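Here, each number is a calculation from the coordinates, and none is a lab measurement. Values in this document were obtained by computation on a predicted structure and should not be read as measured data. Quick reminder, even Gly has a Cβ in these numbers, built from the backbone with ideal geometry, and neighbours come from all protein chains shown.
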Amino acid sequence: MDKNLKLNLVIEAQKRLIENPRNWAHEITHHFRVLQLANRLVKKEKLNVNKDILEILCMWHDVAIKEDLSKRRDCETTAEYLAKSFKGEEKEIIYDSILNHEFGSTPKYIEGKVLQDADKLDILSLDRLNLDIEANEAGFSNAGISKKVVESILNEWLPIMPERYHFNYSKKLHRQRLKIVLPEFKKYVASSK
């Protein structure tokens, strides 16, 4: 991979995430945590991945392309935007991995599977929850919506997450993180009642 292209894309993603994050759960620190988790998964599972592509995927997966005013999903417009910079198999991996990183989808490539697991593991992050609470308290986001999202995670996502991970280490991390974050999620939801 062209290292200048990679560097320019990472810088562009960082700029977009700082200047115009999709929301407070999908800002720049989320993307760095996903990259750290992805690298951990690769190491623990001894996976053979294209690390340059994986880094780009982790930095771009939740970037909203605001220039696209269509009603398409953010991941679709981002996948198209990012894939334009590549050719051949790299283009296919990037397009498929971004398009299918959401938990109901199934990525075809190993890099997409690593991204999907790392992204979902970040849901179980106290850093992410605390950032959202701080954004609510500062008036940057809607506490009611945030609490509904956490309720949805508790009632809909957590019961199905373990079976949808692609890697054993993801399942192990899920169990470890759940012990820490579950009481905080419940306390957060209860605080609104």
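The length gained on full extension between Lys179 and Lys91, counted as 0.36 nm times the residue separation minus their Cα-Cα distance, comes to 27.8 nm. Within the chain, the whole DSSP H helices whose Cα atoms reach 18 Å or more along their own axis and whose mean Kyte-Doolittle score is at least -1.0 are 3-19, 28-45, 168-190.
Evaluated at 25 °C with a viscosity of 0.890 mPa s, what Stokes-Einstein diffusion coefficient in µm²/s does the chain have when Rh comes from the Kirkwood expression over alpha-carbon pairs? In µm²/s, the coefficient is 143.
Using Cβ point charges alone (K and R +1, D and E -1), the dipole size of the chain about the Cα centre works out to roughly 700 debye.
In terms of the mean number of neighbouring beta-carbon atoms within 10 Å, the peptides 176-187, 101-112 order highest first as 101-112, 176-187. When the helices of the chain are scored as -39500 (n - 2.57) per DSSP H run of n ≥ 4 and the total is divided over every residue, the value at 222 nm lands at -21000 deg cm²/dmol. Sorting the segments 1-11, 145-155 by their mean number of nearby beta carbons within 10 angstrom, highest to lowest, gives 145-155, 1-11. Geometric descriptor of segment 59-143, per residue, is 120 Å³ (volume of the convex hull of the Cα atoms). Here's the list of lysines a cross-link from Lys3 could span, going by alpha-carbon distance under 29 Å and ignoring same-chain residues fewer than 8 apart: Lys15, Lys43, Lys44, Lys46, Lys51, Lys66, Lys84, Lys87, Lys91, Lys108, Lys113, Lys120.
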